[in-house]
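Single-structure report; data block below.
The values are calculated or read from the model by the stated rules, or taken from the named source; none is laboratory data. Just so you know, these numbers come straight off a predicted model, no measurement behind them. With ideal geometry, Cβ positions are generated from the backbone for all residues, glycine too; neighbour counts draw on all protein chains shown. Heavy atoms of the whole protein, side chains included, go into the accessibility calculation; ligands, DNA and RNA do not. Shrake-Rupley method; radii C 1.70, N 1.55, O 1.52, S 1.80 Å.
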Protein chains: 4
Amino acid sequence: MTLKCFSDQLMTNLGKSGLRVSNIGFGTWVTFGGQVTEEVAEELLTVAYDRGINFFDTAEVYSGGKAEVVLGKILKKKQWRRSSYIISTKIYWGGKAETEKGLSRKHILEGIQASLSRLQLEYVDIVFANKADSHVPMEEIVRAMTFVINQGWAMYWGTSRWSTMEIMEAYSVARQFNLIPPVAEQAEYHYFQREKVELQMPEMYHKIGVGTITWSPLACGILTGKYDDGIPIYSRAALKGYNWLRERILSEEGRRQQAKLRDIAVIADQLGCSLAQLAIAWCVRNENISQVLLGASTVEQLCEDIQALQFVPKLTSEVLEHLETILETNPRPVSPAGSVKRAFSW
Amino acid sequence: MTLKCFSDQLMTNLGKSGLRVSNIGFGTWVTFGGQVTEEVAEELLTVAYDRGINFFDTAEVYSGGKAEVVLGKILKKKQWRRSSYIISTKIYWGGKAETEKGLSRKHILEGIQASLSRLQLEYVDIVFANKADSHVPMEEIVRAMTFVINQGWAMYWGTSRWSTMEIMEAYSVARQFNLIPPVAEQAEYHYFQREKVELQMPEMYHKIGVGTITWSPLACGILTGKYDDGIPIYSRAALKGYNWLRERILSEEGRRQQAKLRDIAVIADQLGCSLAQLAIAWCVRNENISQVLLGASTVEQLCEDIQALQFVPKLTSEVLEHLETILETNPRPVSPAGSVKRAFSW
Amino acid sequence: MTLKCFSDQLMTNLGKSGLRVSNIGFGTWVTFGGQVTEEVAEELLTVAYDRGINFFDTAEVYSGGKAEVVLGKILKKKQWRRSSYIISTKIYWGGKAETEKGLSRKHILEGIQASLSRLQLEYVDIVFANKADSHVPMEEIVRAMTFVINQGWAMYWGTSRWSTMEIMEAYSVARQFNLIPPVAEQAEYHYFQREKVELQMPEMYHKIGVGTITWSPLACGILTGKYDDGIPIYSRAALKGYNWLRERILSEEGRRQQAKLRDIAVIADQLGCSLAQLAIAWCVRNENISQVLLGASTVEQLCEDIQALQFVPKLTSEVLEHLETILETNPRPVSPAGSVKRAFSW
Amino acid sequence: MTLKCFSDQLMTNLGKSGLRVSNIGFGTWVTFGGQVTEEVAEELLTVAYDRGINFFDTAEVYSGGKAEVVLGKILKKKQWRRSSYIISTKIYWGGKAETEKGLSRKHILEGIQASLSRLQLEYVDIVFANKADSHVPMEEIVRAMTFVINQGWAMYWGTSRWSTMEIMEAYSVARQFNLIPPVAEQAEYHYFQREKVELQMPEMYHKIGVGTITWSPLACGILTGKYDDGIPIYSRAALKGYNWLRERILSEEGRRQQAKLRDIAVIADQLGCSLAQLAIAWCVRNENISQVLLGASTVEQLCEDIQALQFVPKLTSEVLEHLETILETNPRPVSPAGSVKRAFSW
């Protein structure tokens, strides 16, 4: 159980930056400071670290700051070398006051300092802007992020759930004013949410070096098949404030997805893995992605999820094509189908 | 017939540039140097100018350069004040030789000079890159366009059929090297081709000031309903080299569109306008658009098309919603339908 | 004989610039204004152009300016479209006066204008600095080249026989002061001169986009085998001022090379081509090269040389390896053979 | 024994920087924290300092960090004025974790801080990148080094074992983004490893001011002649992990070098110095070098080595030429031996 799963081959650079990250990262959303006790949180982080995961992701908003507090306590207790792991946090929602939200310079600076204080760290490795903020000039955002880095409070900065256009604008402003451009975008990615990561982010990478970290490989647990018979009371979808998730599961579209998962379960059986492992391996196999973020509320679940790495090599082109015929979610570049003008030539 | 249709209200700035353009522009594609005689071309241009259209669009590739020659002759003959109208041309396909195509500095510089010579003008107002060229570094393209402007050969430059990412990259390079960014993109826009103009270009406008000029409001005549019973022999779709248009019209999707047009014809009747006028008015009513480019092969058609302006105020929200229910082409922002994470709040 | 040899596959971008050049270029060194009459020069240029060569190279120093005069006369007479071909010239030695040599701003500006006057052209496509000039600050050189381009006297600039360090310095200065960097280096390349082109220029291309044009694929005729029995009186080595070439041919090293060529002749025979054709095909097959410059003093020779293109596909890895065993000139990256320190690890 | 060997004439600027360094520097590789006890280390450092050596070189990787610990302890104990000496360390290999190696911003920042902690210093004078890292963008490296300097953790930065092209790229990026360029390169230099230092680094110095610090003047002891009869058990080549050194000594090339050293021993005898002293003096006599780094495991050896300075004036041109005839390692600028084109002139 303490076998190290990550060889050097399972490390990649985050985008075109020099930062080496494990193919799988461990996220604290919902769980730390919330769903799980501090004891379980410590167990989870320890297993993740021992297995070779070197990237722990949190956010100021997770459990109202408690996720950072719990993470910080564990890191302090474990005394792992600070240089042996990567911490990322995200800034956007930091409190109830009007000035404690968004990407104003005030909130970016105050937010990251509050996060560092909760984490009991001198710096995080990456600070993400947790959402774009159209009410703040891009120049203000990029200047604030550059300030944070120049203060030594973060090594790199990134974006989360930004459009490629917004990322490009940040890059453009960074180049114009000799500021520091972002290195990575956090984007949702799983069987039923593919377009941005598969079609748009590769262009970002090639043009400006911005890499992709993906989250929700299991679509909040939907892809494990556990909602096939409804909403189990122990599940996240049964939590307060997760009405939207329940609704989504029970929607017509949600039911259709459950049906597809039943077909995919056959493939998983043939490969000898679980639905969850197949879903994770399917994300990791995408070479345009620097890292897949995982969450877990039990050690068993985390171990199962990490073992998904062993199934990546089994995802042959035949298996992948079979999956596509079931999923029918393969995004295609916008075809000029409706276009009335073709290429000219002499 | 010489009634001026364009009040100042029907003039807008091209993007965030200072250039004032009429809501409707007159394009020479297919017609000038091709479908119509020089006499008809002169009549068309005169009517357009007299009605208040101040923008004439051409390209080096139109009729193999003859469109520019014809346009130039007419302008010379009419002796309108050069300062009273706007000429735009487009560069990409300039000849058979390998060096006479694309957006290399060589072709941009030689192409625009050849265009000016054919047009008998000292400068055009806007030079457009008629297509993106991924084989040329963006820095080379933006430097060449800046050179063209600094030589006095053009006042502004723009793009045509570029992706928003490519436009953003051009802007970024312009800012990084203190070069001149583009002011407008020419994009196809009509009932059946909406996504780029409605969803993406407004962001371009707000972020970097790039405006939108649209073309093909009638989808090469399809939206006039004239192809409802097949391909009339006098029509563009009957021309040599327009196989793709015929095929499109006769395709299953093409037939479906004809069916929708029959429903839309009822609305046009109620408004007292033609299908063509409704299609044009529908484009002009979009406030994110700086200008709608029109083509015409007869004076009657042009007059009919220009009169579409009078129906713009009649496109109430009820009428527009009715149209949407028929069209079913309303593009929506990539909805977070599949997304599992919502906005947080404290 | 007028068969077009160049398909689009035989066109490549010059470095990472957008300029499309034919794989083979035609150079005027020694021949134009010197070895051959104007009639032969015209024949040669016509054959080259008709076969699809779109690149003609000259220099202010060739035959004391006469090469440019002859080239200019022919271009004027033939009336080919200026946009269908590429002219490059080189500046360094422009006259006897102290101020007429080197890469001072004065000589670059005066030199290119004198070249344009001799060529009867308004601009060349590329102006090369024919040698590095350590007595002129790099900033002065790059500013002067940028001025030449901004005047419209050239489209691009490049270097000839510069060290990679000098090219890198030019690039660095261009980036520091927002000037225009060079696009290509002209370098000697043949069986017996390989290191710079094979080891150093690929790094230049990848780091800063500078491409390679090579010259002397036949090492001034040595690789044709014609000097195997001494110096024929009709040959270049018999010309006045070519002592150094005679000496080189007759040297011990020269004799050793002749011996190798006898072995290579066997391979040429097997492929069904001449020694010259094999030598040229061997250059063209190097994918790190944008273009191979050829010279010729007779139409027969030129046709033979151009036909070398047909043998490029026959240079399989087996043939190339066989050649290497004969040549023994394969340059290797400087091995740390003598190094006493190896990589550390923890 | 406390005679000061270093007059002002034996101080030079490091590259074109303002930092004044002694001609000979004292390095801690292999010895500190490894081969020698802390007592001997203190003696060595004291002798070096007393004789006028003002430069002490170490690296995070030397003896797994212990070299820095030992050096730091001695400096603390001796209480020499911090301003009277120069400390340099090197960053690249800082630990076993994937994130503790290479030149990512994370490792540069964490690495230098860990070094400072081991050294018990607030700053080093120079931080070197111990190897180039092609997996990290040059912009990230130069930004990180600039940050380190702006934090006050180092005064200058330099490179170690980088190619001149890589150094030039660092300089170019520094100029483009207004960051701080490197001041010196550490390169191996001795009788049998000369090309980079003699041919390439002078150009670096003249073009961009980067100076040269050389190491291994005795080629890990080979040049002392002590391996002439095999591998003495007390020698470095007998240490665990130095297989490569043993192999090199016993190789055919190694044997040839020993033979040359026997001839050189005759010259050393004539000058009245040891083989080691001659080898060191020969390095110091090279005016393109800012400093020669020496290591030593005994005080006797160190004193002998320092005394080499007295023999520098005795290395007349006759002696140097005699050495060359024995060594046959004099690198020449890539001669245009194979070149077919010479300088033109009018």
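Observations on the structure shown:
- The phi-based Karplus calculation (6.51 cos²θ - 1.76 cosθ + 1.60; θ = phi - 60°) puts the 3J(HN,Hα) values of the stretch A:20-25 at 9, 10, 6, 4, 10, x Hz, whole numbers, x for Gly and Pro.
- Within chain C, antiparallel bridges make up roughly 15 percent of the DSSP beta bridges whose residues both belong there.
- Kirkwood Rh, angstrom, the protein assembly as shown [1 / mean 1/r, Cα pairs]: 36.1 Å
- For B:295-307, mean number of other protein chain Cβ atoms within 10 Å: 0
- Within chain B, longest stretch clear of exposed GluC sites (Glu not before Pro) (DSSP loop, no more than 13 other Cβ within 10 Å): B:123-286
- Accessible carbon and sulfur surface of the stretch D:192-325 relative to its total accessible area, %, 1.4 Å: 50 percent
- A Förster radius of 30 Å combined with the Cβ-Cβ distance from A:Glu98 to A:Thr298 puts the calculated FRET efficiency at roughly 0.20.
- Total charge dipole magnitude, the stretch A:1-132, about the Cα centre, Cβ charges on Lys, Arg, Asp, Glu only, Debye to nearest 20: 260 debye
- Our Cα-only numbers for the stretch D:286-326 put the radius of gyration and Dmax at 12.7, 33 Å.
- Amide H contacts under 5 Å for C:Thr214, placed H, 5+ residues apart: C:Ala187, C:Gln291, C:Val292, C:Leu293
- The H on the amide N of A:Ser160, modeled in the peptide plane, is under 5 Å from the matching H of A:Ala129, A:Lys131, A:Gln186, each at least 5 residues off or on a different chain.
- Among beta bridges from DSSP that stay inside the stretch A:110-226, the antiparallel ones total about 10%.
- Antiparallel content of DSSP bridges confined to the protein assembly as shown, in %, to 5: 15 percent
- Cβ-derived FRET efficiency at R0 60 Å, A:Ser317 paired with D:Glu253, nearest 0.05: 0.75
- For the stretch A:61-114, the alpha carbon positions stretch 37, 20, 12 Å along the principal axes, listed from largest to smallest.
- A convex hull fitted around the alpha carbon atoms of chain C yields 170 Å³ per residue.
- Distant-in-sequence amide H partners of A:Ile180 (H built 1.01 Å from N, under 5 Å): A:Thr146
- Sites matching chymotrypsin sites (Phe, Trp or Tyr not before Pro) across the stretch A:108-178 that sit in DSSP coil, with at most 14 neighbouring C-beta atoms within 10 Å: A:Phe177
- For the stretch C:201-337, the fraction of C-alpha pairs farther apart than 20 angstrom is 53 percent.
- Probing with 1.4 Å while keeping every protein chain in the model, the per residue accessible area of the stretch B:188-285 equals 40 Å².
- Interface area, chains A and B: about 4200 Å² of buried accessible surface, summed, with a 1.4 Å probe and ligands, DNA and RNA left out.
- Placing R0 at 60 angstrom, the Cβ-Cβ distance between C:Lys106 and D:Gln35 gives a FRET efficiency of 0.45 after rounding to 0.05.
- Across peptide B:165-171, the mean count of Cβ atoms from other chains lying within 10 Å of each residue's own Cβ comes to 4.
- Rounded to whole numbers, the Karplus 3J(HN,Hα) couplings from phi for the stretch B:290-297 are 7, 7, 10, 8, 10, x, 7, 10 Hz, using 6.51 cos²θ - 1.76 cosθ + 1.60 with θ = phi - 60°, and x at Gly and Pro.
- Unit charges on C-beta of K, R, D, E only; dipole of chain A, Debye: 560 debye
- HN-Hα J in Hz across the stretch C:151-156 - Karplus 6.51, -1.76, 1.60, θ = phi - 60°, x for Gly and Pro: 7, x, 7, 8, 8, 9
- Each listed q (0.10, 0.12, 0.21 Å⁻¹) maps to a log10 I(q)/I(0) for the stretch D:125-242, found by the Debye formula over equal Cα scatterers with no solvent: -0.39, -0.53, -1.09.
- A cut-off under 14 angstrom between Cβ atoms defines the neighbours of D:Tyr205, and their net charge, with Lys, Arg +1 and Asp, Glu -1, is -2.
- The stretch B:207-240: trypsin sites (Lys or Arg not before Pro) in DSSP coil with no more than 16 other Cβ atoms inside 10 Å: B:Lys240
- Scattering from the stretch C:186-238 was approximated by placing one identical point on each alpha carbon and applying the Debye formula without solvent; log10 I(q)/I(0) at 0.17 1/Å stands at -0.60.
- The shape of the stretch D:17-147 can be summarised by an equivalent ellipsoid whose semi-axes, obtained from the alpha carbon gyration tensor, come to 26, 17, 12 Å from longest to shortest.
- Charging the Cβ of each Asp and Glu at -1 and of each Lys and Arg at +1, and nothing else, the dipole of the protein assembly as shown about its Cα centre rounds to 1460 debye.
- Shielding by partners for peptide B:129-141, expressed as the average number of C-beta atoms from other protein chains within 10 Å of each residue's C-beta, is 3.
- Hydrodynamic radius by Kirkwood, which averages 1/r over all alpha carbon pairs of the stretch C:10-94, in angstrom: 13.2 Å
- Radius 12 Å from Cβ of D:Lys66, net charge of other residues (Lys, Arg +1; Asp, Glu -1): -1
- Cα-derived Rg to Rh of the stretch B:256-328, Kirkwood definition: 0.96
- Electrostatic bookkeeping for D:Cys283 treats Lys and Arg as +1 and Asp and Glu as -1; over the other residues with beta carbon under 13 Å from its beta carbon, the sum is -2.
- Normalised Debye scattering of the stretch A:125-176 at q = 0.20, 0.31 Å⁻¹ gives log10 I(q)/I(0) of -0.66, -1.37, counting only Cα atoms as equal scatterers and leaving out solvent.
- Accessible surface, the stretch B:59-176, averaged per residue in Å² (probe 1.4 Å): 31 Å²
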